[in-house]
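S.K.: One structure coming up, written as structure tokens, with questions to follow.
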Amino acid sequence: MDKFTSKTVALGTLILAISIGCAFGLGPKEPTAHAMNPPATSPTPPVRSPTDRVRQRPRTQFNPGIFGKISWKIEYGFPSIDGGVTQAKELNCTAFRVNATVQEGAPGTLGTARSVGYFGTDAAPAQVNGYYVCNYTLPDKNQDFPHGKVITVQAILGPYASAALNQKLTQGAWYGSGNPKPPAGYQRVPVGGQGVTLTDADSRATVDFVVEYRPLPSGPR
């Protein structure tokens, strides 16, 4: 076989192989749309610290003012505000007063005590873990409570116009099992009074009181 014939046979064989490959899908493929346009991927979110979530939470807003509770043991009974005519439990919390005062006056003087706000209480006490509990509020509705000054907060029983009623509230028998009352020479006193200072950043304070039996103050000697 001469050279011309060999080249002719080789070329024919190559053409035949290409034809067979195309017939069975073995030839070169056109690029697919998926290959030409790869799917878009979402950007990876930035890594945040746990405190970022805390900062994003809305802050709880509290009403400004002075708030708290007055509690006493259930075994102490509960007072009557009409001199013992009725038990009047639905008005029991009104036997207490909460006063808030601030001293005003020229430097170097005792000054005078000015009342701050007006208090309100629950009507009837709740029973919580062996105690009667009355909640009270001194809300700063007009946002005019003094800031940066000591406000003295105290709770007292009464006082009412009747001296006999005031004595019954502090020393007499209350309604309850055995008509409980303080031992001789003692009286009921709401304990827990203190001074608080409100600021622009912290305009709310809590002062709680507990009624205890305390010795009567001794008279002058």
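S.K.: Within the stretch 164-183, is even one residue in contact with a Ser or Thr (Cβ under 8 Å, 6 or more places away or on another chain), of a type outside the set (Ser, Thr, Tyr) and within 13 Å of Phe67 (Cα to Cα)?
M.R.: No - not one qualifying residue is present in the stretch 164-183.
S.K.: Strands (runs of 3 or more DSSP E) wholly in the stretch 91-169 with at least 1 residues that are touching a residue at least 40 places away in the same chain (Cβ under 8 Å), surrounded by 14 or more Cβ atoms within 10 Å (Cβ to Cβ) and of a type outside the set (Lys, Arg) - which ones?
M.R.: Counting at least 1 such residues, we get 96-104, 131-139, 150-157.
S.K.: Could you count how many residues in the stretch 178-212 are part of a strand (DSSP E or B) and of a type in the set (Asp, Glu)?
M.R.: Result for the stretch 178-212: 1.
Where a number appears in this text, it was derived from the coordinates with a stated rule and is not lab data. These numbers come from a predicted model, not from an experiment. As a convention, Cβ positions derive from the backbone with ideal geometry for all residues, glycine included, and neighbour counts pool all protein chains shown.
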